[in-house]
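Remarks on the structure that follows.
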Amino acid sequence: MLEGWHEDEYIILFEGEEASAIAGACELNATLPGFSVLGLRSWQDFIVQDQAGATFTIPSVPLDTRYIASFNLPDPSELQPDAELVGKVKWLVKPLVFGGSPEAEDNVSWVTHQQHGELVRWWNEQYRSARNSQA
């Protein structure tokens, strides 16, 4: 795993098996067929790549292709490590799509990558359930 600051964004790039483990934990393969996960941007967005090699970001919650956006992947050698943040993911306790605020201190928690995967999966299940009940 490579991680660090690139300008004002914290970038985490997964390597090999890490990417596969994250994709499995978050059910990315089922939710985003044809994409592979490369990392996280500012803790809230996954960095993904399509089969043609183009890179994009998509919110971790909701994992909904309506919110996919083109992204220029920074050169990994340009990442500025931050020892205080290594291995941590900034998580919004109540995700934005459910009305959470990124500014509210009580809405921010620091979690491990494993916890992040579990939270992404759970909150996306809640999102899909809410969308299906509205349809």
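At-a-glance table
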read-out	value
From the options 70, 42, residue that is touching a Lys or Arg at 6+ places or on another chain (Cβ under 9 Å), surrounded by fewer than 20 Cβ atoms within 10 Å (Cβ to Cβ) and of a type in the set (S, T, N, Q)	42
Tabulated pairs, segment 63-85, first in contact (Cβ under 8 Å) with a residue 60 or more places away in the chain, second in a loop (DSSP other than H, G, I, E, B) and buried (at least 16 other Cβ atoms within 10 Å of the Cβ), C-beta under 8 angstrom, 6+ apart or interchain	63/32
Filter result for the condition that a residue is at pLDDT 90 or above, under 19 Å from residue 29 (Cα atoms), in contact with a Phe, Trp or Tyr (Cβ under 8 Å, 6 or more places away or on another chain) and not in a strand (DSSP E or B), over 85, 119	119
Segment 89-111 - residue that is within 19 Å of residue 122 (Cβ to Cβ), in contact with a strand residue (DSSP E or B) (Cβ under 7 Å, 6 or more places away or on another chain) and outside any strand (DSSP E or B) and, of those, modelled with the lowest pLDDT	100
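Yes or no, residue by residue, for (1) closer than 22 Å to residue 108 by Cα; (2) touching a strand residue (DSSP E or B) at 6+ places or on another chain (Cβ under 7 Å); (3) modelled with pLDDT of 95 or more; (4) part of a helix (DSSP H, G or I):
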residue	(1), (2), (3), (4)
18	no, no, no, yes
25	yes, no, no, yes
39	yes, yes, yes, no
46	yes, yes, yes, no
53	no, no, yes, no
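Okay, residues lined up against (1) among the acidic types (Asp, Glu); (2) surrounded by 15 or more Cβ atoms within 10 Å (Cβ to Cβ); (3) farther than 22 Å from residue 96 by Cβ; (4) in contact with a Gly (Cβ under 7 Å, 6 or more places away or on another chain):
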{"residue": "11", "(1), (2), (3), (4)": "no, yes, no, yes"}
{"residue": "14", "(1), (2), (3), (4)": "no, yes, yes, yes"}
{"residue": "17", "(1), (2), (3), (4)": "yes, no, yes, no"}
{"residue": "22", "(1), (2), (3), (4)": "no, yes, no, yes"}
{"residue": "25", "(1), (2), (3), (4)": "no, yes, no, yes"}
{"residue": "29", "(1), (2), (3), (4)": "no, no, yes, no"}
{"residue": "37", "(1), (2), (3), (4)": "no, yes, no, no"}
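The values are calculated or read from the model by the stated rules, or taken from the named source; none is laboratory data. Quick caveat, the model's predicted, so the values are computed rather than measured. Ideal geometry is used to build each Cβ from the backbone, glycine not excepted, and the neighbour counts take in all protein chains shown.
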